[in-house]
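*Asks:* The structure under discussion is supplied below as structure tokens; questions concerning it will follow.
The values are calculated or read from the model by the stated rules, or taken from the named source; none is laboratory data. All values derive from a computational prediction rather than experimental measurement. Neighbour counts run over all protein chains shown; Cβ positions are idealised from the backbone, glycine included. Heads up: the accessible areas ignore ligands, DNA and RNA and are worked out on the full protein's heavy atoms, side chains in. Shrake-Rupley method; radii C 1.70, N 1.55, O 1.52, S 1.80 Å.
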Amino acid sequence: MELSDWLVIPEILPLMLSGLKVTVVITFFSVLTGLVIGTIVGLARLSDNRFLCGLTTAYVEIIRGTPLMVQLFLIYYALPEIGIHLPPMIAGWVAYSINSGAYVSEVVRGGIQSIDSGQMEAARSLGMSWWQGMRYVVLPQAFRNIMPPLGNEFIMLLKDSSLMAVIAVPEVMRYANLMVGRKGGYALPIYVTAGLLYLALTLPLSLVVRRAERGLAKGD
Amino acid sequence: MIELKNVHKHFGQLHVLKGITSTVDQGEVVVIIGPSGSGKSTLLRCINYLEEPTKGEIIIDGIKLNHSATNINRVRQEVGMVFQSFNLFPHMTVMDNITLAPKKVRGLAPSKAEDIAQELLAKVGLSDKAEAYPRQLSGGQQQRVAIARALAVQPKVMLFDEPTSALDPEMIGEVLDVMKNLAEDGMTMVVVSHEMGFAREVGTRVLFMDEGKIVEEGKPEEVFFNPKNERTQAFLGKIL
């Protein structure tokens, strides 16, 4: 390997940056749907309805107990065998939403349980419905408490999105692999570039998370 | 206003209320006393259905309580509750604490709800605290806000669950004064409390509960100074 090998970086950078755009977009949408799924599942797991509770508990245990890679392959390679064909981006988005939903639901559940039951009782005693109490009183407090763990979950998701390269989603890792193959080498500068691109996103994010944690610790 | 007919409550094996029958008329201030574990708080919580009675009937202002959601939410608007631990919403200002339910439950316009809140804050002596957050207030101030919050839905009955027992002694008076004013305005009140001064001055009736039953009831002077039941005598002997 020679020092001049690093000059490949400016050459590959435009493609890698377009891959980064896909990484950000797909993570963003997965996070969004994951949050929706996670909140609904988190609430369902706390419900008195045994069927709902059992169903969602099974979902969480299955997703957390199996590798993301398996889930991804099932959705992209196995679903077509029963007639469901999803393009790579959509398959990736579906898999990551389902996966993230399970982890987020645990965070949401913990956040809700950390709120004193007197809060819901006060809301109910004022004539609010269970859902109004959740929406206006419990969830706002719970979400404030779970911002840091949610932030960490999103950082994990951002990094894990690199797995989507194996189902040909045109994100950072996919382009890195393509470049290495096309140029027959340059693995070191290309993968270092890929790593740095992820770092450029995750470092500021974890800084924000740490700041949120400190804000909470101060109790304001 | 409140009718209790043979109300029972079990928590698993524990039989907490063993057939409570009583009536509270409009404008009455009923003070419930009794040792801890006697079921006082559970009875109060049954009256607004925070606990569902295992057996028996509760009728509030002519509406029989059952567990349909519409019924409960409607009845709860008529029954305000003040808790021992205040339970203010910490993420909201005093103003938002008070106006939330009127806006969401009664469907009042924000400006109308704020007018009512200002009036109530003046009544509890906290007009200058509308924009404060609960954590910036003392315990006594928080409890007065909690009373204003419960009043904002314009209930016909107010329940107080040991409203002063989490307070420092010097703050008890300010909360009791607010409750006294409320009683003088004609509010129907049920109060679980051991504040004898309050019971004698404001209470129209005292109920003594022990082991899930109403053991003795009567005018405050009678129950406090001339108790007939020996369990009442023993209990009063300890707290007087």
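*Asks:* Once phi is turned into θ = phi - 60°, what whole-Hz ³J(HN,Hα) does the Karplus curve with 6.51, -1.76 and 1.60 give for every residue of segment B:122-133, x standing for Gly and Pro?
*Replies:* Here the 3J(HN,Hα) series is 5, 4, 9, x, 10, 4, 8, 9, 3, 9, 6, 9 Hz.
*Asks:* Could you quote the convex hull projected area for the protein assembly as shown, Cα atoms only and averaged over all directions, in nm²? Write out the running numbers ahead of the final one.
*Replies:* Details: hull surface 117.2 nm².
Taking the Cα atoms of the protein assembly as shown, their convex hull projects to 29.3 nm² on average.
*Asks:* Now for a different question. Leaving out ligands, DNA and RNA, what percent of the accessible area of segment A:3-219 is carbon and sulfur, probe 1.4 Å?
*Replies:* Working: 7580 of 11010 Å².
Answer for segment A:3-219: carbon and sulfur cover 69 percent of the accessible area.
*Asks:* Let me spell out the model: positive unit charges on the Cβ of Lys and Arg, negative unit charges on the Cβ of Asp and Glu, origin at the Cα centre of the protein assembly as shown. What dipole size does that give, in debye rounded to 20? Walk me through the numbers before you get to the answer.
*Replies:* Details: 43 positive and 45 negative charges, 200 e Å.
Rounded to the nearest 20 debye, it is 960 debye.
*Asks:* How long are the semi-axes of the equivalent ellipsoid of segment A:3-219, defined as square roots of 5 times the Cα gyration tensor eigenvalues? Whole Å, largest first.
*Replies:* Numbers: eigenvalues 304, 100, 26 Å².
For segment A:3-219, the ellipsoid semi-axes come out as 39, 22, 11 Å.
*Asks:* Here is a follow-up. Which of the aspartates and glutamates could be linked to residue B:18 by a straight reach, that is with a Cα gap under 12 Å, when you skip same-chain ones fewer than 8 residues away?
*Replies:* Hits, sequence-local ones excluded: B:210, B:211.
*Asks:* Can I get the semi-axes of segment B:141-240's equivalent ellipsoid? Compute them from the C-alpha gyration tensor as square roots of 5 times the eigenvalues, in angstrom, largest first. Spell out each step's value before the answer.
*Replies:* Values: eigenvalues 130, 45, 29 Å².
Semi-axes (√(5λ), whole Å): 25, 15, 12.
*Asks:* Another question, then. When the accessible area of chain B is computed with all protein chains present and a 1.4 Å probe, what percentage of it is carbon and sulfur?
*Replies:* Details: 4730 of 10330 Å².
Answer for chain B: carbon and sulfur cover 46 percent of the accessible area.
*Asks:* Moving on to the next point. Can you pick out the pairs among B:55/B:104; B:103/B:123; B:180/B:219; B:64/B:180; B:40/B:219; B:9/B:228 whose Cα atoms lie more than 22 Å from each other? Let's see the in-between values first.
*Replies:* Numbers: B:55/B:104 32 Å; B:103/B:123 20 Å; B:180/B:219 17 Å; B:64/B:180 29 Å; B:40/B:219 18 Å; B:9/B:228 27 Å.
Correct reply: B:55/B:104; B:64/B:180; B:9/B:228.
*Asks:* If you restrict to DSSP beta bridges whose two residues both lie in the protein assembly as shown, what percentage is antiparallel, to the nearest 5?
*Replies:* On the way: 20 of 37 bridges.
Antiparallel bridges: around 55 percent, rounded to the nearest 5.
*Asks:* Same structure, new question: Provide the per-residue ³J(HN,Hα) series for segment A:38-43, in order, calculated from phi with Karplus coefficients 6.51, -1.76, 1.60 and θ = phi - 60°, each as a whole number of Hz, with x at glycine and proline positions.
*Replies:* Computed from phi, the couplings for segment A:38-43 are x, 5, 5, 5, x, 5 Hz.
*Asks:* Here is a follow-up. With +1 on each Lys and Arg Cβ and -1 on each Asp and Glu Cβ, how big is the dipole of segment A:3-219 about its Cα centre, in debye rounded to the nearest 20? Could the numbers behind the result be given before it?
*Replies:* Working: 16 positive and 12 negative charges, 79 e Å.
Roughly 380 debye, rounded to the nearest 20.
*Asks:* Scan around residue B:108 for amide H atoms under 5 Å from its own, H built in the peptide plane at 1.01 Å from N, and keep only partners 5 or more places away or cross-chain.
*Replies:* HN-HN under 5 Å from residue B:108: B:103.
*Asks:* Now, a different point. Just want to confirm a number: the relative contact order over chain A, from Cα pairs under 8 angstrom separated by 6+ residues, in percent. List each step's numbers first, then the result.
*Replies:* Working: 234 pairs, mean separation 65.1, N = 220.
Taking the mean separation of contacting Cα pairs over the length of chain A, I get 30 percent.
*Asks:* In Å², and per residue, what accessible area does segment A:3-219 have when probed at 1.4 Å with the other protein chains present? Show your work: numbers first, answer last.
*Replies:* Numbers: 11010 Å² over 217 residues.
It amounts to 51 Å² per residue over segment A:3-219.
*Asks:* Excluding ligands and nucleic acids, what accessible area in Å² is computed for residue B:182 using a 1.4 Å probe, to the nearest 10?
*Replies:* That residue has around 10 Å² of solvent-accessible surface.
*Asks:* Which of rounded, prolate, oblate describes segment A:102-202, given a ≥ b ≥ c as roots of the alpha-carbon gyration tensor eigenvalues and a/c under 1.5 marking rounded, otherwise prolate only if a/b is larger than b/c? The partial results should precede the final answer.
*Replies:* Numbers: a/c = 5.60, a/b = 3.90, b/c = 1.44.
Prolate shape, in that a/c is at least 1.5 and a/b is the bigger ratio.
*Asks:* Another one. If you take every residue apart from residue B:232 with its C-beta less than 13 Å away from the C-beta of residue B:232, what net charge results, scoring Lys and Arg +1 and Asp and Glu -1? Before the final figure, lay out each step's value.
*Replies:* On the way: positive: B:213, B:228, B:231, B:238; negative: B:210, B:211, B:216, B:217, B:222, B:230.
Here the count lands on -2.
*Asks:* Which cross-chain or sequence-distant (5 or more) residues have an amide H under 5 Å from the amide H of residue B:191, H modelled 1.01 Å from N in plane?
*Replies:* Distant-sequence amide H within range of residue B:191: B:30, B:31, B:32, B:160.
*Asks:* Please sort by residue number the GluC sites (Glu not before Pro) in segment B:32-140 whose DSSP state is loop and whose Cβ has at most 16 other Cβ atoms within 10 Å.
*Replies:* Numbers: sites: B:51, B:57, B:78, B:114, B:119, B:131; in loops: B:51, B:131.
Within segment B:32-140, the qualifying GluC sites (Glu not before Pro) (loop, at most 16 other Cβ atoms within 10 Å) are B:131.
*Asks:* Can you check what the net charge comes to around residue B:73, using other residues whose Cβ is under 13 Å from the Cβ of residue B:73 (Lys, Arg +1; Asp, Glu -1)? Before the final figure, lay out each step's value.
*Replies:* Numbers: positive: A:124, B:74, B:76, B:104, B:106; negative: B:78.
Every neighbour counted, the sum reads +4.
*Asks:* Go ahead and estimate [θ] at 222 nm for chain B from helices alone: -39,500 (n - 2.57) per DSSP H run with n ≥ 4, summed, over the residue count, rounded to 500.
*Replies:* Working: 9 runs with 95 residues, N = 240.
Result for chain B, helices only: -12000 deg cm²/dmol.
*Asks:* Now, a different point. If you count only protein heavy atoms with a 1.4 Å probe, what accessible area per residue comes out for chain B, rounded to a whole Å²? Don't jump to the answer; show the numbers that get you there.
*Replies:* Working: 10330 Å² over 240 residues.
About 43 Å² of surface per residue is accessible.
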